[in-house]
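Engineer: Got a structure here, written out as structure tokens. Questions coming.
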There are 2 protein chains.
Amino acid sequence: MSQFFWPAPFQNVKNINKHAVLDLIRFTPGGVSRAELALRMDLSRAAMTAIVNDLLENNVIRETESRNKQSGRPPIILEINPARGFVIGIDMGATHLTIALTDFSARVVDEIEIPFDITQGPRPCLAQAEALLTELLEKNDMKLSQIMSIGMGVPGPIVSKEGMVVSPPIMPGWDGYPIRKDMESKWNIPVSLNNDAELGALGEWAYGAGRGEEHLAYIKVGSGVGAGLLLNGQIYQGSTGSAGEIGHLTIDENGPLCDCGSTGCLEAVSGGKAIARQAREAVASGHRTLLSSMGPPEELTARDVAAAARRGDLASQQIIAKAGTYLGIAIAGMVNIFNPRVVVVGGGVAQIGDLLLQPIRDTVQRRSLVGAAKTVKINTAVLRRRSSTMGAVVQALSIALHQIAEKKGGDSLP
Amino acid sequence: MSQFFWPAPFQNVKNINKHAVLDLIRFTPGGVSRAELALRMDLSRAAMTAIVNDLLENNVIRETESRNKQSGRPPIILEINPARGFVIGIDMGATHLTIALTDFSARVVDEIEIPFDITQGPRPCLAQAEALLTELLEKNDMKLSQIMSIGMGVPGPIVSKEGMVVSPPIMPGWDGYPIRKDMESKWNIPVSLNNDAELGALGEWAYGAGRGEEHLAYIKVGSGVGAGLLLNGQIYQGSTGSAGEIGHLTIDENGPLCDCGSTGCLEAVSGGKAIARQAREAVASGHRTLLSSMGPPEELTARDVAAAARRGDLASQQIIAKAGTYLGIAIAGMVNIFNPRVVVVGGGVAQIGDLLLQPIRDTVQRRSLVGAAKTVKINTAVLRRRSSTMGAVVQALSIALHQIAEKKGGDSLP
DNA sequence: TGCGTTTGTCAAGTCTTCTAACATTCTTTT
DNA sequence: AAAAGAATGTTAGAAGACTTGACAAACGCA
């Protein structure tokens with residue numbers, strides 16, 4: 001059935017088909033032929049030949065060996081030309097900073113991660129990112145001029161158009177700081193700035209657990225909790241960029257105090273920080289638990305709790321199950337409202353695996369509508385800790401590839 | 001900034017610009033000139049002349065008197081040609097059935113509403129709708145052949161593509177019934193089927209309190225409670241059509257039993273049925289209340305409670321305030337997750353006005369994130385009881401107008 | 001080797017849009 | 001009142017994108 005309803009201001013983009021073809025090639029694993037592209041886009045094969053030749057002249061895609069089919073002339077498979085250039089993906093978390101260098105087919109060439117503190121404010125943090133990027137480039141014998149674009153994620157609500165965060169709950173000093181403009185003028189490369197959970201959703205959609213899904217929610221459970229939404233295959237930011245900010249939903253009015261000043265926030269009962277706090281409390285309460293033997297209580301982390309739980313420690317298992325149940329309540333609400341086909345749970349704490357996931361699934365089944373709950377799949381992130389970083393890479397590649405494809409007449413760099 | 005990211009299967013539509021122009025004309029109050037259309041769509045004035053002439057030849061739009069501006073040649077204003085035809089909008093609620101007849105500019109020619117019971121099942125209900133439609137046409141001296149299309153809303157999760165409801169909580173017997181196919185073959189007119197809350201959102205977006213907003217949530221508080229979402233100017237249905245089904249979110253685990261079998265559902269504490277139940281309980285408890293003097297308790301309705309509350313009855317005001325507070329909790333969750341610019345509260349119970357709206361606003365302010373809560377506007381539906389009906393009309397017109405515009409070479413019917 | 005099948009390309013024609021000039025119709029200025 | 005200024009709408013020619021229909025290319029299978 002054709003679509004009859006167009007929303008208000010129509011966005012006219014030049015060469016819209018060329019860019020659509022480029023994205024189909026990007027996101028089809030194993031590549032596609034001209035004939036299949038023509039079929040999927042409802043264009044003639046002749047038109048597709050013209051479009052593809054244009055992309056080939058720009059060296060942004062390449063032909064690979066023919067693939068055998070049942071009968072007929074074997075198709076020539078098209079794929080992104082990996083050697084055409086490099087991009088950078090940065091995941092700036094609350095407590096860690098990850099930078100990845102990839103080629104044009106999003107294959108990771110190298111990656112560095114360091115501990116980090118986002119509360120230092122924009123200037124020191126961005127300087128640290130610059131230093132780490134320089135280190136990564138030197139280590140790989142590369143110059144900044146070889147990088148075509150940069151994608152970055154930060155743990156706060158973003159208005160992408162502006163390239164800055166707006167009233168973030170956990171990024172003191174960053175409100176209104178022109179992050180993107182700052183980076184672009186310092187590095188002289190186009191930069192895309194997004195929320196880290198949104199990028200997690202994008203990363204898992206492109207290369208992970210939600211590949212090609214139309215509607216996808218990504219829940220990032222790190223030291224805090226956030227969600228990213230991909231609706232109709234596009235990042236959904238809401239009207240002020242704070243869509244998916246579920247970390248401070250009130251889950252239990254009588255729950256513990258949250259950093260944000262409120263009580264019983266999801267983040268205060270299910271985040272990594274909250275899990276670590278409960279571990280300390282368990283040790284302090286004198287119950288018999290493996291956690292007591294895992295070093296000084298004030299240094300216990302969510303990772304320790306996960307390890308103890310896997311070794312059968314009951315107290316740890318209870319802490320994790322409780323966190324999962326609370327997450328399940330929030331996710332059930334999202335499933336009811338927004339009815340995605342897939343919910344991907346990622347972030348550091350999600351690496352715990354089924355011990356966390358099972359209580360989430362149970363709670364969602366119990367509290368969601370039959371229809372929505374029956375079809376939703378709840379999975380751990382396939383890209384593990386790299387979801388957001390890869391999402392940043394996707395955004396960086398979006399800039400780089402389409403910028404090159406826009407140019408008329410073949411460019412060099414073979 | 002241009003858009004770099006296209007989702008998977010690109011939908012190619014013929015004459016995309018022509019249809020976009022048509023929609024811009026439709027949804028611009030007071031009409032637009034060729035020059036302004038060219039500006040808004042980033043096309044040349046020459047191209048716009050060609051497109052507009054095409055639409056004029058089909059009689060789907062018309063020119064009106066020039067409008068004076070500061071200086072220069074006055075523009076020729078274009079608008080939908082109201083006399084080009086008629087459409088029907090049907091709002092099939094749980095307890096009422098409304099049918100509206102409008103011209104092509106969505107002006108209501110006539111309208112009938114009758115009490116109704118959707119639990120009778122598809123065959124009797126659809127027969128009743130047919131009878132009412134026939135009555136409406138006869139009353140206005142019209143034949144079915146003069147109707148170009150029909151839009152209909154029903155209170156259950158819809159998969160528009162299929163034209164049927166899937167596992168609806170309150171429409172027993174309708175699951176999987178081919179509603180649209182049935183109507184189309186019976187009436188021989190194209191039919192669009194949607195959820196009633198979605199249509200409420202669409203109606204308020206097109207002609208009401210959310211005119212032109214990019215992101216809009218519509219909360220329908222009738223005998224039950226539902227929500228419709230308009231994201232990026234498009235109805236969002238989710239993967240199985242049950243997006244926005246908030247009526248059975250658990251709000252208060254210790255709350256009253258709901259028809260659905262669960263306890264403490266939003267609908268069971270805030271819907272019109274729930275308000276009426278609380279009124280009966282208030283009378284039964286022997287408290288002094290105006291409600292005692294409003295006829296037999298078992299016939300009290302939400303409308304009676306509203307009337308009593310407006311006359312200063314404390315018990316009634318408390319019932320309404322409580323319903324508003326619970327609605328506020330659910331809406332706060334939606335605001336946090338979706339971050340819309342406008343939330344429109346409609347449906348029968350919403351006609352109570354500020355007595356209901358103020359507790360909603362207070363609760364949302366208290367429980368939402370600073371950023372999202374600061375910018376969200378919460379308003380009563382401007383179209384009052386007609387939101388969904390007008391949304392159905394919008395859908396019907398989408399079919400009719402674009403079908404006519406698609407044709408090549410002028411059609412008659414002046 | 002020939003046939004069926006599918007892929008990719010070419011040439012001619014159609015359709016859409018752009019540029020650049022021009023006509024139109026108003027207000028403002030002289 | 002006439003001229004200048006300003007914005008709208010139209011026309012003609014050219015550029016581009018896409019389609020159709022034919023054809024060449026490259027495989028499996030008989």
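Engineer: What does DSSP give for chain A in terms of the percent of beta bridges that are antiparallel, rounded to the nearest 5?
Structural biologist: Beta bridges within chain A, antiparallel portion: roughly 60 percent.
Engineer: Here is a further query. Would you be so kind as to identify which of B:Asn68, B:Thr301, B:Thr28 lies farthest towards the positive end of the dipole of the protein assembly as shown, taking Lys and Arg as +1 and Asp and Glu as -1 on Cβ and the Cα centre as origin?
Structural biologist: Value: B:Asn68.
Engineer: Long-range amide H contacts for B:Val32: which residues qualify at under 5 Å (H placed 1.01 Å from N, peptide plane, sequence gap of 5 or more or a different chain)?
Structural biologist: B:Leu78
Engineer: Between A:Ala35 and the same site in the other copies, what are the distances in nm, shortest first, taking label points 7 Å from Cα along the C-beta direction?
Structural biologist: Its label point is 5.4 nm from the equivalent points in the other copies.
Engineer: Go ahead and run the numbers for FRET between A:Lys322 and A:Arg123, Cβ-Cβ distance against an R0 of 51 Å, rounding to 0.05.
Structural biologist: After rounding to 0.05, the efficiency reads 0.85.
Engineer: Can you tell me which of A:Gly286, A:Gly264, A:Gly89 moves the most in a GNM of chain A? Springs connect C-alpha atoms under 10 Å apart.
Structural biologist: Judging by the Gaussian network model, the answer is A:Gly286.
Engineer: Report the local net charge at A:Met164: Lys and Arg +1, Asp and Glu -1, summed over other residues whose C-beta lies under 12 Å from its C-beta.
Structural biologist: Result for the neighbourhood of A:Met164: 0.
Engineer: If amide H atoms are built 1.01 Å from N in the plane of the peptide, which residues on other chains or at least 5 residues away come under 5 Å of the amide H of B:Phe86?
Structural biologist: Here the answer is B:Met148, since their amide H atoms fall under 5 Å of that of B:Phe86.
Engineer: 5 Å is the cut-off here: which amide hydrogens, built 1.01 Å from N in the peptide plane, fall below it relative to A:Val225, excluding neighbours closer than 5 in sequence?
Structural biologist: none
Engineer: Taking 0.36 nm per residue of separation and subtracting the Cα-Cα distance, what length does fully extending B:Lys181 through B:Leu39 add?
Structural biologist: My answer for the length gained is 47.0 nm.
Engineer: Let me ask something additional. Can you tally the net charge around A:Ala315? Count Lys and Arg as +1, Asp and Glu as -1, for every other residue whose Cβ sits under 14 Å from the Cβ of A:Ala315.
Structural biologist: +3
Engineer: Give me the dipole magnitude in Debye, nearest 20, for the protein assembly as shown about the Cα centre, with unit charges on the beta carbon: positive for Lys and Arg, negative for Asp and Glu.
Structural biologist: 720
Engineer: Length gain on complete extension for the stretch B:Thr64 to B:Thr263, per 0.36 nm per residue less the alpha carbon to alpha carbon distance?
Structural biologist: Full extension of this stretch gives 65.9 nm more.
Engineer: What FRET efficiency do you get for B:Asn254 and A:Val370 if R0 is 25 Å and r is their Cβ-Cβ distance, rounded to the nearest 0.05?
Structural biologist: Efficiency at R0 = 25 Å is approximately 0.65.
Engineer: In vacuo Debye scattering of the protein assembly as shown, one point per C-alpha: log10 I(q)/I(0) at q = 0.08 Å⁻¹?
Structural biologist: -0.77
Engineer: Net charge near A:Ala268, counting Lys/Arg +1 and Asp/Glu -1 over other residues with Cβ under 15 Å of its Cβ?
Structural biologist: -1
Engineer: Taking a point 7 Å out from Cα toward Cβ as the label site, list the nm distances between B:Glu298 and the same residue in every other copy, smallest first.
Structural biologist: 6.9
Engineer: Pick from B:Ala217, B:Ala372, B:Ala209: which is most flexible by mean-square fluctuation in a GNM of chain B where alpha carbon atoms under 10 Å apart are linked?
Structural biologist: Checking each option, the largest mean-square fluctuation is seen for B:Ala372.
Engineer: Using helices alone, I'd like the mean residue ellipticity at 222 nm for chain A: each DSSP H run of four-plus residues gives -39500 (n - 2.57), total over residue count, nearest 500.
Structural biologist: Only helices count here, giving -12500 deg cm²/dmol.
Engineer: Let me ask something else. Return a whole-number percent for the relative contact order of chain A, with Cα pairs under 8 Å and 6 or more residues apart as the contact set.
Structural biologist: 17
Engineer: What whole-number value in Å² describes the accessible area per residue of chain A for a 1.4 Å probe?
Structural biologist: Heavy-atom accessible area per residue stands at 41 Å².
Engineer: Any idea how far apart B:Gln403 and A:Asn53 come out in nm if each label point goes 7 Å out from Cα toward Cβ?
Structural biologist: 4.2
Engineer: A follow-up question, please. Starting from the coordinates of the alpha-carbon atoms of chain B, obtain the Kirkwood hydrodynamic radius over all distinct pairs and give the value in Å to one decimal.
Structural biologist: Kirkwood radius, chain B: 22.8 Å.
Engineer: Using a Förster distance of 56 angstrom, determine the FRET efficiency expected from the C-beta separation of A:Ile16 and B:His287, and round it to 0.05.
Structural biologist: Once rounded, the FRET efficiency stands at 0.30.
Engineer: To the nearest hundred square angstrom, how large is the accessible surface buried between A and B, total for both chains, probe 1.4 angstrom?
Structural biologist: About 5800 Å² of accessible surface is lost on pairing.
Engineer: Work out, in µm²/s and without decimals, the Stokes-Einstein translational diffusion coefficient of the stretch B:42-181 at 10 °C, 1.306 mPa s, Rh from Kirkwood over C-alpha pairs.
Structural biologist: 88
Engineer: Please give, to one decimal in nm, the separation of the simple spin-label points placed at B:Glu299 and B:Arg211, each 7 Å out from Cα toward the Cβ.
Structural biologist: Output for this residue pair reads 4.2 nm.
Engineer: I'd like the Karplus ³J(HN,Hα) series for the stretch A:325-335: coefficients 6.51, -1.76, 1.60, θ = phi - 60°, whole numbers in Hz, and an x wherever there's a Gly or Pro.
Structural biologist: Along the stretch A:325-335, the couplings run 4, 5, 4, x, 4, 5, 5, 4, x, 5, 4 Hz.
Engineer: Okay, next question. Counting residues in the stretch A:301-405 as N, plug N into 2.2 N^0.38 Å and put the Cα Rg over that result.
Structural biologist: The value comes to 1.29.
Engineer: A further question on this structure: Residue by residue through the stretch B:175-180, what is 3J(HN,Hα) from phi via Karplus (6.51 cos²θ - 1.76 cosθ + 1.60, θ = phi - 60°)? Round to whole Hz and write x for glycine and proline.
Structural biologist: These are the phi-based 3J(HN,Hα) values: 4, x, 6, x, 4, 5 Hz.
Engineer: May I ask you to evaluate 6.51 cos²θ - 1.76 cosθ + 1.60, the Karplus curve with θ = phi - 60°, for each residue of the stretch A:372-382 and list the ³J(HN,Hα) values in order in whole Hz, giving x for glycine and proline?
Structural biologist: 5, 6, 5, 9, 7, 9, 10, 10, 7, 4, 6
Engineer: Between A:Gly348, A:Gly156, A:Gly31, where does the largest GNM mean-square fluctuation fall for chain A, given springs only between Cα atoms within less than 10 Å?
Structural biologist: Residue with maximal mean-square fluctuation among A:Gly348, A:Gly156, A:Gly31: A:Gly31.
Engineer: Using a basic spin-label model with each label point 7 Å from the Cα along Cα→Cβ, how many nm lie between A:Ala83 and B:Leu144?
Structural biologist: About 6.8 nm separates the two model spin labels.
The values are calculated or read from the model by the stated rules, or taken from the named source; none is laboratory data. All values reported here derive from a predicted model rather than from experimental measurement. Note that we place each Cβ from the backbone using ideal geometry, even for glycine, and neighbour counts take in every protein chain shown. Accessible surface areas use protein heavy atoms only, side chains included; no ligands, DNA or RNA. Shrake-Rupley method; radii C 1.70, N 1.55, O 1.52, S 1.80 Å.
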